[in-house]
Amino acid sequence: MSAKRHLHLLLVASLIVFLFALVPASAEETNLNIVEINHYNSRNENFINVEINNYEEEDINCNLIFAIYSEDLTENIPLDNSITFFEINNGQTYNHSFYFIIPRSGDYTFNLTLLVESNEIVKEYYLTEKYLFYDYQGYQLDELITDYYYDPSDNANWIYDAESNQLKLNNIENQYDTGIVLGPFNTVGLAKAILNLDYTNEKTITADYSIYLTSEFNASEIYGTEWLLLHNVNNETEISLEIPKESEIFILLRSQDTAPDIEDYWIISEINLEKLSVKHALSISSQIHHFFEIGEKTEIIIEIENTGIFNQQLGNISLVAKLFSENEMIKTYAELPSIGSKENQNIRVNIDENQAPGNYFIRLETTIIDKKLFFDEKLMFISISNYNYGQFNLNLSKEESPVIIDTQNDNIEMLIYSEQISQLNLSGAFTISEFADNYYIVKTNSVQDRIEIATENYFTGNIISIINMDEVKYSVIDQGTQIDTIEGITAPSIIFEDGNEEVLTILIRNEGFYTETYNLNYIYSSTFVSEIKGTNTIQILPNKEESIDIRIKPLQTVPREGGSQFNIEVSNNNENKIFTYVFSYLKPTIEISEISCDRYALLDGQSLKCTTVLTNTGYSINELNFVIYSQEDIIEEVEIDSLDYLETWTLTTTYEPQIIGEITITAAVMTSSGELFEKEIDSKIKVIATENSAKENSNQITLPEINAGRSLVILTLAGILYQIKRSENLKYLGLKFFFIPMYSRLQKDTLADEPTRQKLLKYIYAEPGANFKQLKDKFSLHNGTLAHHINILENHDIITSHRSGRQRLFFPMGVNQEISRISLVTNETQRNIMDIVKNTPGITQSMISRQMNMSRQKINYHVNSLVDKAFLKIEKHGRITRLYPLYYT
């Protein structure tokens with residue numbers, strides 16, 4: 001066979017082998033060896049040197065095929081020159097180099113196939129080797145300098161030598177401790193990072209050269225940084241350090257010596273970073289627990305982020321969610337998403353079965369192409385019920401009190417995570433079954449309003465959920481009716497205050513798992529209420545509630561005293577619940593809320609105008625007899641047909657007393673059943689005779705004799721007369737106590753027969769609040785005469801007097817002096833000023849001016865007028881003048 005034929009066969013065979021180079025075979029390595037492979041960095045030209053030995057007894061023709069398989073790409077990478085043909089003489093060795101560029105960091109498998117033709121027989125030899133290639137990043141040393149740790153005594157320091165492009169430990173002398181901070185080296189998104197340093201050094205035994213690391217360097221607080229020791233430098237010339245990934249790293253080159261030698265040195269010539277990038281990586285997150293109400297759409301959202309540098313096409317990622325109940329796997333859900341590098345995506349898993357209430361778990365398995373590239377497994381839990389009591393962290397010991405969780409259910413199911421489940425104790429009967437990976441289901445069916453969780457030793461764990469498992473359950477709740485005790489029954493009560501319809505509201509809450517129909521029956525006494533209207537059937541969805549209005553129409557009159565029961569019976573699934581109310585009527589009560597007359601003292605022959613107000617504070621009542629009387633005289637009698645709740649009846653009547661002296665006025669109301677309500681006027685009314693009055697004898701009082709102290713007495717009397725002249729109060733009181741007794745001895749009159757007193761009496765009754773000067777001028781009386789008559793009227797409680805500033809004011813007995821006094825002020829502005837001063841004693845005129853938006857001159861005018869009339873008084877506080885109200889203003 002010709003050599004050309006042989007080469008053709010070898011070429012065909014080599015192509016076949018190249019196509020199947022992805023599948024490495026077992027190799028006879030005696031004839032084929034890899035002698036050398038150049039550096040292992042990606043994106044740079046590399047070469048591999050292969051040695052082939054001819055151990056045959058003749059010359060051989062060879063075909064050498066080279067292929068590089070990427071574990072990340074799961075395929076061969078393209079090569080410019082992957083096949084070579086050559087001949088080797090007997091006993092000779094042949095070397096060949098293949099040149100290639102690795103596109104990115106990662107694991108690669110080198111496959112070498114040698115086809116040898118000898119004596120028309122083709123033999124095959126295989127060689128497979130795996131190599132890890134890194135991405136390479138070199139640094140300019142001066143650009144890495146971040147900060148310095150300066151030697152306190154400046155006996156040594158680090159410098160950058162631009163000429164040699166080196167970092168050097170410099171000026172070594174005496175004791176020193178110095179360092180230089182380099183970085184940052186970014187390792188975010190890397191699967192592996194190796195920091196390489198090339199250096200030379202010479203150090204004595206006392207010197208310490210060290211390399212430290214941190215990921216939390218703060219230049220503003222450099223001496224507060226915590227550093228981790230990576231390496232103590234010896235006589236080596238290079239060091240490779242694997243540093244943490246997913247962060248920014250800083251290194252500290254620290255040098256220190258207690259007895260330095262000036263011949264010591266440490267020179268950094270190169271620093272580079274070899275990086276292994278993450279190609280296939282996903283960050284998968286979802287809630288560990290999902291709670292769904294019965295009938296709610298069961299949808300779980302899974303968040304996926306592609307944290308690798310490869311885009312993941314459709315079909316690369318398989319996401320499988322396997323749904324399990326407590327006893328079996330129910331279904332598998334699969335998704336095949338595609339997602340670009342550094343992108344996020346939400347995957348929605350819809351559990352389309354109508355799952356029964358209870359607990360379930362999902363085992364989520366995520367794979368990229370195959371498990372060797374990327375595989376992740378997560379557990380997620382699903383609870384389905386109409387109520388979840390929530391999550392609780394448990395950390396119990398025997399000495400501690402039990403954890404108490406209040407519940408409203410008879411049957412509950414707890415999902416608990418713990419590695420000490422055997423140490424758990426619950427109140428009542430319970431069962432524990434393993435669910436998945438230290439997650440357990442705890443069931444109890446004898447809950448009495450609460451669960452007590454304890455331990456006999458020590459227990460830690462997490463309650464993921466506590467769900468209600470009562471399939472059929474409901475409750476009846478009153479909507480805010482007041483609870484009272486009537487005839488020994490404590491219950492929500494309806495008290496009828498009037499004849500209007502009352503409405504009470506109840507809630508029926510379906511606490512079970514299914515839509516239910518509830519029947520309502522109303523049980524009551526038809527002799528106590530007129531009518532009750534309410535729904536008889538109602539349908540309620542699970543975990544929902546419906547309100548029901550029940551209308552009660554009372555009778556128009558109170559049927560009897562006391563109360564009557566009203567029962568609402570609610571039935572469902574052979575279970576009956578009875579809700580009890582108590583009906584009662586507000587007792588009819590007549591309140592005589594007001595009985596008043598227009599005066600409390602009057603002259604014989606004058607009339608009283610009296611007003612009486614009745615109010616019914618109880619239930620509606622019919623046929624009332626209303627009487628107003630004084631002593632034995634009936635003033636007015638009225639028949640009232642009916643009086644409703646809070647309805648009032650007002651009666652105004654005029655009455656002329658027929659007797660002299662004090663009288664009382666009484667209002668009385670009698671019901672048809674004979675119950676009496678009565679009230680007497682607060683103050684007795686005095687009737688004054690105007691004629692045929694009995695004579696009054698005044699006691700004789702003799703002035704004391706004036707003896708040796710005549711001068712002092714005269715001076716004293718002169719002073720009194722002067723003050724009397726200035727003040728009505730003193731004028732009246734002085735005349736009353738000093739001169740009237742003398743005058744009375746000469747003028748003995750009676751109350752009724754004296755015409756002057758009759759005139760004074762009528763005027764004071766007509767003009768309440770008249771002052772002494774006003775009466776004197778009106779009737780042209782001397783001071784002594786006026787004081788004498790007023791004294792008699794006042795001593796007989798016909799009139800009364802009060803001081804107001806320097807004035808003495810006179811009022812009919814029983815009249816409201818304050819109202820009468822204020823009525824004397826007719827000017828609107830002055831009334832407003834009086835109100836302001838009364839509400840704000842001590843206010844100034846300027847403040848009143850601003851408040852009333854009126855000039856100070858006008859305010860001053862009205863203030864002076866009120867002061868003159870003794871309504872206000874002025875007091876000076878330093879330079880500030882303040883206003884105060886006088887008595888009865």
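The values are calculated or read from the model by the stated rules, or taken from the named source; none is laboratory data. The structure presented is a predicted model; accordingly, all values stated were derived computationally and were not measured. Every residue, glycine among them, receives a Cβ derived from its backbone with ideal geometry; neighbour counts consider all protein chains shown.
Values for this structure:
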item	result
Subset tally (residues that are closer than 30 Å to K759 by Cα and either not in a strand (DSSP E or B) or not polar (S, T, N, Q) (or both)) for segment 572-621	14
Residue list for segment 659-687, restricted to those being farther than 26 Å from N622 by Cβ and basic (K, R)	K684, K686
Filtered residue count, segment 830-875, keeping only those that are closer than 26 Å to N771 by Cβ and either of a type in the set (D, E, K, R) or more than 54 Å from the chain's Cα centre (by Cα) (or both)	21
Enumeration of residues in segment 289-333 that are of a type in the set (S, T, N, Q) and more than 25 Å from E413 (Cβ to Cβ)	N306, T307, N311, Q312, Q313, N316, S318
Output for segment 301-358, where each listed residue is part of a strand (DSSP E or B), more than 41 Å from the chain's Cα centre (by Cα) and under 29 Å from I416 (Cβ atoms)	M329, I330, K331, T332
Those residues of segment 98-137 which are out of contact with any Ser or Thr (no Cβ under 6 Å at 6 or more places or on another chain), touching a residue at least 60 places away in the same chain (Cβ under 8 Å) and either of a type in the set (F, W, Y) or at positive phi (or both), in sequence order	G106, F110, N119, E120, Y125, Y131, Y136
Criterion (free of Cβ contacts under 8 Å to residues at least 24 places away in the same chain, in contact with a strand residue (DSSP E or B) (Cβ under 8 Å, 6 or more places away or on another chain) and more than 30 Å from S42 (Cα to Cα)) met by exactly one of N218, N201, N155, N170	N170
Odd one out for N576 among (1) at pLDDT 90 or above; (2) out of contact with any Lys or Arg (no Cβ under 7 Å at 6 or more places or on another chain); (3) surrounded by 14 or more Cβ atoms within 10 Å (Cβ to Cβ)	(3)
Strands (runs of 3 or more DSSP E) fully within segment 113-165 counting 1 or more residues that are over 27 Å from V278 (Cβ atoms) and among the aromatic types (F, W, Y)	121-133, 145-149, 157-161
Residue tally, condition within 15 Å of C610 (Cβ to Cβ) and assigned to a strand (DSSP E or B), over segment 641-685	14
Test: N272 is modelled with pLDDT of 95 or more and either among the polar types (S, T, N, Q) or within 16 Å of D151 (Cβ to Cβ) (or both)	yes
Any pair with Cβ under 9 angstrom, 6 or more apart, that starts in segment 235-246 at a residue that is farther than 23 Å from E216 by Cα and ends at one that is among the basic types (K, R)	N235/K203
First in segment 578-603 and free of Cβ contacts under 8 Å to residues at least 60 places away in the same chain, second anywhere and basic (K, R) and exposed (fewer than 15 other Cβ atoms within 10 Å of the Cβ), Cβ under 9 Å, 6 or more apart	D598/K609
Segment 515-532: number of residues that are under 13 Å from S571 (Cβ atoms), hydroxyl-bearing (S, T, Y) and exposed (fewer than 13 other Cβ atoms within 10 Å of the Cβ)	1
Residues of segment 853-869 satisfying the condition of being assigned to a helix (DSSP H, G or I), of a type in the set (D, E, K, R) and either under 13 Å from V825 (Cβ atoms) or without any contact (Cβ under 8 Å) to a residue 24 or more places away in the chain (or both)	R856, D868
Neighbours by Cβ (under 6 Å, 6+ apart or cross-chain): first from segment 287-315, charged (D, E, K, R); second part of a loop (DSSP other than H, G, I, E, B) and surrounded by 18 or more Cβ atoms within 10 Å (Cβ to Cβ)	E293/N386; E293/N543
Selection within segment 483-500 - surrounded by 13 or more Cβ atoms within 10 Å (Cβ to Cβ) and among the acidic types (D, E)	D484, E497, D498
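The rows are residues; the columns are (1) of a type in the set (V, I, T); (2) modelled with pLDDT of 85 or more; (3) surrounded by 15 or more Cβ atoms within 10 Å (Cβ to Cβ); (4) not assigned by TED's automatic domain parsing to the domain that holds H802.
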{"position": "M834", "(1), (2), (3), (4)": "no, yes, yes, yes"}
{"position": "V837", "(1), (2), (3), (4)": "yes, yes, yes, yes"}
{"position": "Q845", "(1), (2), (3), (4)": "no, yes, yes, yes"}
{"position": "N853", "(1), (2), (3), (4)": "no, yes, no, yes"}
{"position": "I859", "(1), (2), (3), (4)": "yes, yes, yes, yes"}
{"position": "H862", "(1), (2), (3), (4)": "no, yes, yes, yes"}
{"position": "S865", "(1), (2), (3), (4)": "no, no, yes, yes"}
{"position": "F871", "(1), (2), (3), (4)": "no, no, yes, yes"}
